[in-house]
Each structure stands twice: as structure tokens, then as C-alpha cells.
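These notes are about the structure you will find just below.
The values are calculated or read from the model by the stated rules, or taken from the named source; none is laboratory data. Being a predicted model, the structure only gives us computed values, none of them experimental. Here the Cβ positions follow ideal geometry from the backbone for every residue, glycine too, while neighbour counts run over all protein chains shown.
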Amino acid sequence: MKLICYGVRKVEKDFFLKLNKFGYELTLVEELLNDKNIDLVEGHEAVMLRANCPANKENLNKMKKYGVKYLLTRTVGYNHIDLDVAKELGFEMARVPRYSPNAIGELAITFAMNLVRKGAYMVDRTRSKNFVVDEYMFSPEIRNLVVGVIGTGKIGFTTAKLFKGLGSKVLAYDIYENEEAKSILEYVTMDELVKNADIITLHCPYIKGKNDNLINDELISKMKDNIIIINTARGELQDVDAIIRGLESKKIGGYGTDVFSNEKEFFFKNMEGKEIDPTVEKLLSLYPRALVTPHIGSYTDEALTNMIEISYENLNDFIKGNDCENKL
């Protein structure tokens, strides 16, 4: 079985090779799928994608023409695949429904600790040989803060445990309450959460038409002054303009995000000296109170291993005619 995998970073190649227990004949492409490298699928029966690999109508038709039968994505989300067209063309498809929740939880903690303790600000000053301790550096201890977790699935629950381990009181909001999570956190209404939390971290799925721009002007107005907000979930959950207004007015003390709704326009590319979305540019200019990472929440050894192993197993299920539990 010839399998071509797109978006395989250099550090990831050894993982793809050592985890290949099914003996697939691999082609590893460092670039994301694009209009120029789509022709590399010729001669392969299976394709594995990463986020921001556009499996649009044009690319799917080319895959079909080249004889591709199986389409895999090593991601939880699959909005980069035109499912209607893919199903019409007869592809067998599967995703990775879960991977190390610690990877995302640890990034949320990293954002929180940096924003609470002003880590980026202090390192920038000392890098410039300015060793004066100013008032902005003064901070509370995180164990004295209330953390609000929105979404308590595997990732949200894991994040809550990490904050609880640091001594924080944890409040949570979820449509579906996690009984196990009740041992370490308290479920409250959304209004109670935003009113009482010092840090709010998002871990809920994006449901189009239901929670678009969840973090908006109205919700921000109900939050504590100097609130810290973290989004390691989905870019569609945030109204970036509203967040900028909150940062400028000092209502928001700090913001950390790993995602944007239009991130495929600039993430994973070197955009130095080039123009990007002016709203995102404005947010970046508010550093170090606004911290941005390029969708690297799952960029850890454990998460990568999970994504590759499950993708390989998905393909093996299809080949053997087994029912693939992760099929799309």
C-alpha cells in the first residue's frame, strides 16, 4: 500500500517511519497539500492530510483521477475536507478523534503562567539589559486565582486537573457535565463563570451557527476587570476585534491564542515583511499582553504518536474490510 503524507515536518519523519508497523510504502512531503504538489499523489492509493491541507473539490477530483481510494486526516477536525464531494467520489475517509489531551492542556497552562507572571514582558526587558523591577511585574500566585474552564471533555478535564494541581479553584461550564470532573471542579452557569473567573480557558468544540464568536463584546463586558483569556480550541470561537477592544481598554489583562478562524492564510508560513489580516496584525502589536502561537497545541511527542498510530490503524481497517470506528 502506497501512502503519501502531507505536512510532515522534519522532526516528525522519524515518528512516521518507526511507527509504520503495517509496512506501508511511505512518501513523506514536508509541505502542506497545495495546488502545486497535488500531483505527487499519482501512484498512491492513500493520502494522509494535516490541518490546513485543502481537500477541496479540485484536489479531490485529482486524487480520484490518480486512483486514490483512502483519505485520512491526522486531526480531530475535518473542515479542510469537502465531505460532500469526497463522499460523492467514493473515498473511504477517517480522522483521529482524540490525541494526548495533555498536549493542549500544557499549552493552556503555559499561556496562563506567562500572562499571570508577565514572563514574556520580563524576558524582553532583561534581554535589552533592563533589570529594573516595575509595577507591571507584580503578580498574584496562580493558586490564589479562580480558573474557568469552558468545555470539559478529555482536553478540558485534563486542563482543569493541571490548574487544580497548581492550587487554583476551578469552575466549569459545559452543556454535558462530566461526572468524573465534579471531583475537582464546580459546574456553574456561563454567567457565573465569567463573573467569577480570573482566567478563562476555552476547550469546547466549534459548532457552526451555535457558538460562533463565543468570546465577544457582550461576554467580555460580564467578566472581571483584568481577565486573562486563553483559546487553544478553535479560532471561530473568538471575535478578535472584541478581544482587541478589551485589551486596549484594559478590561482584558492578557490574551493567549493558538488559533484563528482564517489561520490557513498565514500559519505555517514565514510572513516576515508581508501583510496579513490587519486585525491579526493589530492583535500581534499588543504583545506581550497578547500572546500568539501558530497552532502548535498538538505539537508534542505523545500527541504526534497518537495521531500517526491511529491514522495508520484507520487505513489498515479499510484495507482489511473491517469497520473503522473513526470513519467520516
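Of the strands (runs of 3 or more DSSP E) entirely within segment 58-160, those holding at least 1 residues that are outside the structural domain of I175 (by TED's automatic domain parsing) and touching an Asp or Glu at 6+ places or on another chain (Cβ under 7 Å) occupy 70-73. Would segment 8-15 turn up any residue that is within 19 Å of H80 (Cα to Cα) and buried (at least 20 other Cβ atoms within 10 Å of the Cβ)? The answer is yes; a qualifying residue exists. Residues that are aromatic (F, W, Y), within 27 Å of P288 (Cα to Cα) and in contact with a helix residue (DSSP H, G or I) (Cβ under 7 Å, 6 or more places away or on another chain) are absent from segment 169-181. Within segment 11-28, being in contact with a Leu (Cβ under 6 Å, 6 or more places away or on another chain), within 21 Å of K269 (Cβ to Cβ) and either outside any helix (DSSP H, G or I) or aliphatic (A, V, I, L, M) (or both) holds for no residue.
The single condition from (1) aromatic (F, W, Y); (2) touching a residue at least 60 places away in the same chain (Cβ under 8 Å); (3) under 20 Å from G7 (Cα atoms); (4) outside the structural domain of N34 (by TED's automatic domain parsing) that Y287 fails is (3). Of everything in segment 181-209 that is β-branched (V, I, T) and in a loop (DSSP other than H, G, I, E, B), the residue that is nearest to the chain's Cα centre (by Cα) is I207. Per this entry, E218 is counted among residues that are over 30 Å from P54 (Cα atoms), free of Cβ contacts under 8 Å to residues at least 12 places away in the same chain and surrounded by fewer than 17 Cβ atoms within 10 Å (Cβ to Cβ). Annotation: L115 fulfils all but one of (1) touching a helix residue (DSSP H, G or I) at 6+ places or on another chain (Cβ under 9 Å); (2) surrounded by 18 or more Cβ atoms within 10 Å (Cβ to Cβ); the unmet one is (1). Among the residues examined, E309 qualifies as in the same structural domain as K13 (by TED's automatic domain parsing) and either at negative phi or at pLDDT below 95 (or both).
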